[in-house]
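Asker: Mind having a look at this structure? Questions to follow.
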Amino acid sequence: MNQNLKRFLVALVGAATLGCAGAVFADGATNARERFFLKRQNCKWTDEMGKYIYECVKANNGFNAHWCHNEALDAFCPKEDEAQAEKTAEPETASRQ
């Protein structure tokens, strides 16, 4: 087999391996973000939250708006435990007697 062809195949396999590893690590980050937002899904927006985000973005020279939003949710919204979050996600059915 030609030496250049061997190098190309090794590089191709290496690139494919790194691509798959990146997808695995990204999935964990997505799940953590989903849990973060699900625990705060019933939070109502307030003017204080908007002011907090505005000051945060202004302090960061217009950058990190997503980070500032997440910080505001973390600071102003109470976390729901998993049992309460599941209860609010499912519609309540009252039994009639």
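What follows is calculated from the coordinates using simple rules that are stated; it is not laboratory data. None of the values given here were measured: they were computed from a predicted structure. Ideal geometry is used to build each Cβ from the backbone, glycine not excepted, and the neighbour counts take in all protein chains shown.
Asker: Of the listed peptides 45-53, 66-74, 30-38, what is their order by residue-averaged count of other C-beta atoms within 10 Å, with the highest listed first?
Answerer: 66-74, 45-53, 30-38
Asker: Can you sort F63, F76 by how many other beta carbons sit within 10 Å, fewest first?
Answerer: So the residues, fewest neighbours to most, are F63, F76.
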